[in-house]
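Notes for the one structure printed next.
Every number here is computed from the coordinates shown, using simple stated rules; none is lab data. The model shown is predicted, which means the values in this text are computed figures rather than measured ones. Cβ sites come from the backbone with ideal geometry, for glycine too, and all protein chains shown count toward neighbours.
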Amino acid sequence: MTENLAGWQQADRQHFLHPFTDHRQLGERGTRVITRAEGVYIWEAGGQKILDGMSGLWCVNLGYSRAELAEAGCRQLRELPYYNSFFQCTHPPAIELARELCELAPPGFNRVFFTNSGSEANDTIIRLVRYYWSLLGKPEKQIIIARRNGYHGSTVGAASLCGMPWMHAQAGLPIPNILHIEQPYWFGLGGDLDPAEFGRRIARQLATTIEEAGVDKVAAFIAEPVQGAGGAIIPPATYWPEIQKICDHYGILLIADEVICGIGRLGHWFGSQHYGIRPDLMPFAKGITSGYQALGGVMVSDRVGDVLVEKGGEFYHGFTYSGHPVACAVARATLKVMRDEKLVERVRDAVIPAFSSRWQKLAEHPLVGEARSAGLIGGLELVPRKDSRNRFPKELKVGERCRDFCIEQGLVMRAVGDTMIVAPPFIISNEQLDELVDKAWKALDLTRQSLGQARGKARSQASG
Ligand code: PXG
């Protein structure tokens, strides 16, 4: 491919509407055009090599150059590029993938519904949960409780589950019967409570909300085991056991959104297993194909699946590409690589410890108030003073600065406000982890220096 950076940027500006993007700002800055990738690295047009600390968008877990995945897709494209699974039809890639996923899932998960994305998986969840309760003669059980700052996708249903008010404001969301409770974000919200007590108290908001709404109206609670897009928010150890107890007590369905945490990222096939959660439904996507194809779905436990199959008639829901054969073939190849290379075990026993010990070193940086990690998800809180949890004024855009310095250094690290996050590929080596942390440290230094300058400027403006 001949490189034509200026031409691409111009056409991009004129014709391509990007997801979650301020287009005026994008037009001024110009897009970064990624033209190729290998292992844990991506390359920009113009040649800069960048270590991808985010595995694309939390998905390219096996890295970018897996021939097995490409070949599985090509083979399937030649053999059966498409057929649907409506109207009593099916095909081997979807059947085999469903079987394999049920073998990997915790006991009691014996069915899968396929979608093309995590958003569609969560829209499926809303339909499925409400249908389940109506099949049990309780159609008034409609309310789904989610969390502030949780992320579940961008379709109308999934965006309603999200706890991001700015998403709701643009579209008259949420849809009816979605409630939100507080997130277990100790660093931001914990005040004087110790993390354990804070975790319990936040979890109890679920019980209070169920009581207030009336248990006869509440269908389910949905949450990510670790909040990803919200800023690598890792709940205190007391949180999930309390949530599980409350769901059991009231008999509501528990949904663990495994779109990021599932398929190995927390060192288990499903993130719920890391926390000992016993969910009834598990939406998944992203890592199931290592991002090489668009595929998502919902793991359905027998509690829900048996009712659906034995009491239900037709479930009026599905997509043209539900269980697309090419996506399923690539997912099967992904799972095969992971099984053959014992990747989940390797992530748990080697990569996670190597990552977390290096990540913790960043806590020593003067700009970092907390360095935390769970599995291969890391977060850094940027603060003006290490001895307090106070934040920088928003207008300083400290996180954005740091993100831009990271790119300058050749590292993708995301900013969520002033929280920096990474989620590296599973195949990252120790040397590459060193590189990640060194580059992050340098970017933090540069951010701090730039703040000194910004503060200096503000002071001289004030005195002049
Ligand atoms: N659930 C969770 C937990 C997610 O993280 C979705 C559902 C929706 O999946 P789809 O495939 O519809 O995008 C997600 C997606 C970010 C970022 O900036 C995170 C996601 C997507 C895009 C950006 O961290 N997560």
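Structure notes:
- Across the range 18-40, the residues whose backbone nitrogen lies under 19 Å from the label position 7 Å along the beta-carbon direction of Asn4 are 30-36.
- Residue-span extension gain [Asn430 to Arg24] - 0.36 nm each, minus C-alpha spacing: 142.2 nm
- Reported to the nearest whole Å, the Cα centre-to-centre distance from the range 202-267 to the range 75-151 is 19.
- Peptide packing for 387-397, 88-98, 441-451 was compared via the average number of neighbouring C-beta atoms within 10 Å per residue; ordered from the highest value, the list is 441-451, 88-98, 387-397.
- Full extension of the chain segment joining Glu68 with Gln170 gains 32.5 nm, where the gain is 0.36 nm per residue of separation less the Cα-Cα distance.
- Calculated log₁₀ intensity ratio I(q)/I(0) where the Debye formula runs over C-alpha points of the chain, q = 0.05, 0.12, 0.13 Å⁻¹: -0.19, -1.12, -1.31
- Of the GluC sites (Glu not before Pro) in the range 277-352, those whose Cβ has at most 13 other Cβ within 10 Å and which sit in DSSP loop: Glu314, Glu341
- Mean residue ellipticity, 222 nm, helices only, the chain: the sum of -39500 (n - 2.57) across DSSP H runs of n ≥ 4, divided by residue count and rounded to 500, is -13500 deg cm²/dmol.
- Across the range 252-258, coupling constants 3J(HN,Hα) worked out from phi with the 6.51/-1.76/1.60 Karplus curve, θ = phi - 60°, read 8, 6, 10, 10, 9, 7, 9 Hz, and Gly and Pro carry x.
- Fully extended contour minus Cα-Cα distance, from Thr90 to Arg75, at 0.36 nm per residue: 3.6 nm
- Computed over the alpha carbons of the range 67-340, Rg followed by Dmax gives 18.5, 61 Å.
- 19 Å tail of the calculated P(r), the range 1-128, as % of Cα pairs: 70
- Three-way shape call for the range 247-331 based on the alpha-carbon gyration tensor, with the a/c threshold at 1.5: oblate
- Across the range 195-210, computed HN-Hα scalar couplings (Karplus, 6.51 cos²θ - 1.76 cosθ + 1.60, θ = phi - 60°) run x, 5, 5, 4, x, 5, 5, 5, 4, 5, 4, 5, 4, 4, 5, 5 Hz from first to last residue, x flagging Gly and Pro.
- Shape call, the range 119-236: gyration tensor on alpha carbons, a/c limit 1.5: oblate
- Two-site label geometry, Glu182 and Ala213: point separation in nm, points 7 Å out along Cα→Cβ: 1.9
- Loop sites in the range 2-87: GluC sites (Glu not before Pro), DSSP, at most 14 other Cβ within 10 Å: Glu3
- Mean separation of Cα contacts under 8 Å (6+ apart) over length of the chain, as relative contact order %: 19
- Taking Cβ atoms as reference points and 15 Å as the exclusive limit, the residues near Gln360 contribute a net charge of -1, counting Lys and Arg as +1 and Asp and Glu as -1.
- Neighbour-limited loop hits for chymotrypsin sites (Phe, Trp or Tyr not before Pro), the range 281-324 (at most 15 other Cβ within 10 Å; DSSP other than H, G, I, E, B): Phe315, Tyr316
- Using the Cβ-Cβ distance between Lys311 and Arg13 with R0 set to 41 Å, the FRET efficiency works out to roughly 0.15.
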